[in-house]
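Coordinate-derived values only; no laboratory data. Note that this is a predicted model, so its numbers are computed, not measured. Quick reminder, even Gly has a Cβ in these numbers, built from the backbone with ideal geometry, and neighbours come from all protein chains shown.
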Amino acid sequence: MSDPLRLGTRGSKLALAQSQGVADALTAATGREVRLVEITTYGDVSNEPLAGIGGTGVFVNALREALLDGRVDVAVHSLKDLPTADAEGLTLAAVPTRADPRDALCARDGLTLGELPPGSTVGTGSPRRSAQLRALGLDLEVVPIRGNVDTRLSKVADGELDGVVLAHAGLARLGRLDSVTEVLDPLQMLPAPGQGALAVECRSDAAELVNMLAVVDDPTTRAAVLAERTLLAVLDSGCSAPVGAYAVAAEGDYAPDDASTGATVQLELYVRGAVISGDGAVNIRKSVTGPVEKAEELGRQLAHELLDDGAGAVVGVEPPAPKEENVS
């Protein structure tokens, strides 16, 4: 009998719930026992704002170190926390089916964003959410907060805040959807790249394990988050940047199927991106559509269109050089 697979995870309730879901799926698909191993990351022990401690990687680096030094065989991350650059010696072996990527408001008295009185305090630890809340022009006071889901929800229950904005996926995984007073339309609040998705990493040289983990990979989810994360990488921005992205796969044109006389459905990827200044005054939004197989190219194209519209000044990236005209 094979030894239990050691799955590295952060120790928060949400991380444990996410990781247990992946562990159960692996066991169901392969029969292999999976044991969770809790790893403490710097982001778990620091009370500083994420932007102040580096943002990207603060919830990931310790788990990656545990993979590389052999303490765990597999690690599960929230994909939106994962740096866009490849990690030497590691591979993204699986991206399971994505949960609802939208943001959700949890407010007092069952109120929606539009029903909150001017001057109401809304808490979030995300510059992306803060910027988009301010861009709505609702005269809300956006307050920076840290802490786990229960800590943030308690600030509303105790009257310290009028509302908080959290990821719908996290609330669902913790069984806290009863706290949601409004699920925010992406037209109002574009999610973070990769939000709602999980990343399953292992060592690149563990070929047998890489093949085994493929059973929990969802190709459509992987394509969507590839487009979103490519956009983020081109903009040279991390998880704490005011950048939103959301890709959705839908049925597109019908194409002939070489293997039969019938037809197959061509999946199209609709990708939206946004870059918003911290005060909400600059709000640049663009979208592109194309074949799902071109996910990376679509993310890159959208990023350059955002840069062409001035997004570089918001995220601190030089705009692309102007194309030379053919004057011959």
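The modelled label-to-label distance for the pair E38/L138, using points 7 Å beyond Cα in the direction of Cβ, is 3.5 nm. If the segment from A29 to A250 were pulled out straight at 0.36 nm per residue, it would be longer than the present Cα-Cα gap by 76.9 nm. Among T97, L267, A169, flag the residue with its Cα farthest along the positive direction of the charge dipole of the chain, charges on Cβ as +1 for Lys/Arg and -1 for Asp/Glu. Checked the options; the winner is A169.
Sequentially through the range 173-181, phi angles give Karplus couplings (6.51, -1.76, 1.60; θ = phi - 60°) of 5, 9, x, 10, 5, 5, 7, 6, 9 Hz, Gly and Pro residues having no value and appearing as x. The order of the peptides 6-17, 139-150, 217-228 by mean Cβ neighbours within 10 Å, most packed first, is 217-228, 6-17, 139-150. Each peptide in 78-86, 107-115, 66-74, 173-181 gets a packing score, the mean of other Cβ atoms within 10 Å over its residues, and the list from highest to lowest is 78-86, 66-74, 173-181, 107-115. Take every DSSP beta bridge whose two residues both sit in the range 46-186; close to 55 percent of them are antiparallel. Extension gain for the segment D308 to D218, taken as residue separation times 0.36 nm less the Cα-Cα distance, is 29.1 nm to one decimal. Matching the structure-derived Cα Rg over 2.2 N^0.38 Å against the labelled list (1) 1.34; (2) 1.04; (3) 0.97 gives the label (2).
Model label sites at K13 and D150, defined 7 Å from Cα along the beta-carbon direction, differ in position by 0.4 nm.
When you restrict to C-alpha pairs under 8 Å that are six or more residues apart and normalise by the size of the range 103-183, the relative contact order lands at 49 percent. Per-residue 3J(HN,Hα) values for the range 216-224, derived from phi via the Karplus relation 6.51 cos²θ - 1.76 cosθ + 1.60 with θ = phi - 60°, read 9, 7, 10, x, 5, 4, 4, 5, 4 Hz in sequence order (x marks Gly and Pro).
Take the Cβ-Cβ distance between E115 and A157 as r, set R0 to 22 Å, and report the resulting FRET efficiency rounded to the nearest 0.05.
0.75
Specify the residue with the greatest mean-square fluctuation among S130, S19, S204, computed from a Gaussian network of the chain linking alpha-carbon atoms under 10 Å apart. Between S130, S19, S204, it is S204 that shows the largest mean-square fluctuation.
Taken as Cα centroids, the range 276-299 and the range 198-239 sit 19 Å apart, rounded to the nearest whole angstrom. Can you compute the FRET efficiency between A281 and S2 using 1/(1 + (r/R0)^6), with r the Cβ-Cβ distance and R0 = 51 Å? Round to the nearest 0.05. Efficiency computed from Cβ-Cβ geometry: 0.35.
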